[in-house]
Amino acid sequence: MHTGAITSYIDVAQLALYAFWIFFAGLVFYLRREDKREGYPLESEGPSRGIVQGFPPMPRPKTFLLQHGGVRVVPDPSRTEPPLAAVPIGRWPGSPLEPTGDPMKDGVGPASYANRADTPDLTVEGHARIVPMRVAKEFSVAASDPDPRGMTVNAIQGATAGVVRDIWIDRSESVIRYLEVELATASGARNVMLPINFTRIDGGRRRIKVKAIRAEQFAFVPALKNPDSITLREEDQIMGYFGGGHLYATESRLGPLL
């Protein structure tokens, strides 16, 4: 027998190859099972409306220790989802959903949001990560950039929605995340959050263009519990509201382009 042979038909190279195959198959099985800790079990849209796990099955619940205290268990056996304010337009699986109410308020389609923790995202030091500049006084707007504070916010068709009163900063990334817009409503002034990525700032004309929603829809932007911080759930709700406006803000956006 040649060097490395164990028998006439098996040698060390073959065993190493078989061991790699077994290891790789086990790794794929482990990773595929671990990625089912979020979003599972699935609910079938078919007539049976059964629960779908697929292969491999869901892993057993595991408890994770969070950085700033507390724990989280995933999969969470107590997780519940709010009722969906929409119905399928057909009986086949995957058929489009038709909203039964106001989709932007109900979180349907592009306006949907995740049921994240209703607590602020934190920095490494344990402070609220996204705060207004009236709190994060160490930040300022560069002299070469237009300062959006005091600018008028124009919604669809140029209608005035409000005026920017403050800038919300991401302390960890040192970027602007939101603009705080003051609205004039029938019940008095109200401040709402405007995500910076839904804006186009015209520094020369001192105005900010927003094409996502109409001016009157600013009054229904999800509110904050704390005027000086924003929670993870509130972030998702606000982003979903403006994202949903690209489809639901006007009736003309619901139809086909051609």
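If you take all other residues with their beta carbon under 11 Å from the beta carbon of Asn115, and give Lys and Arg +1 and Asp and Glu -1, the sum is -1. Once both labels are positioned 7 Å from their Cα atoms along Cα-to-Cβ, the gap between Ala19 and Ala223 label points is 6.5 nm. For Lys209, the aspartates and glutamates whose Cα comes closer than 16 Å to its Cα, not counting residues fewer than 8 places off in the same chain, are Asp147, Glu180, Glu182. Comparing Ile156, Ile130, Ile238, which has the greatest mean-square fluctuation in the GNM of the chain with Cα pairs linked when under 10 Å apart? Its mean-square fluctuation being the largest, the pick is Ile156. Note on the chain: dipole from Cβ charges, positive end direction compared against Ala111, Gly245, Ala13; the farthest Cα belongs to Gly245. Would you pull out the residues with amide H under 5 Å of Met151's amide H, same chain only if 5 or more places away, H placed 1.01 Å from N? When sequence neighbours closer than 5 places are left aside, the close amide H contacts are Val164. Recomputing P(r) over Cα pairs in 10 Å bins from 0, in percent from the coordinates shown identifies the correct label among (i) 7, 31, 36, 17, 5, 2, 0; (ii) 7, 31, 35, 21, 5, 0; (iii) 6, 21, 24, 20, 14, 7, 4, 3, 1, 0 as (iii). Computed from the C-beta positions of Ser112 and Ala159, the FRET efficiency with R₀ = 30 Å rounds to 0.70.
Rank these for me by crowding, Leu122, Leu194, going from fewest to most other beta carbons within 10 Å. Present the calculation step by step, with values, prior to reporting the outcome.
On the way: Leu122 15, Leu194 25.
Ranked by crowding around the Cβ, least crowded first: Leu122, Leu194.
Between the amide H of Ala86 and those of Thr100, distances stay under 5 Å, these residues lying 5 or more places away or on another chain, with hydrogens modeled in the peptide plane. Considering only Lys137, Lys225, Lys211, the mean-square fluctuation computed in a Gaussian network model of the chain, springs between alpha carbons under 10 angstrom, is largest for Lys137. Charging the Cβ of each Asp and Glu at -1 and of each Lys and Arg at +1, and nothing else, the dipole of the chain about its Cα centre rounds to 220 debye.
Can you put Thr100, Thr231 in order of Cβ neighbours within 10 angstrom, beginning with the fewest?
Values: Thr100 13, Thr231 19.
Ordered by Cβ neighbours within 10 Å, fewest first: Thr100, Thr231.
Between Ala189, Ala161, Ala86, the residue with the greatest mean-square fluctuation in the GNM of the chain (Cα pairs under 10 Å linked by springs) is Ala189.
No value in this document is a laboratory result; all are computed from the given coordinates. These figures come from a predicted structure and were not determined experimentally. Note that each Cβ is placed from the backbone with ideal geometry, even for glycine, and that neighbours are counted across all protein chains shown.
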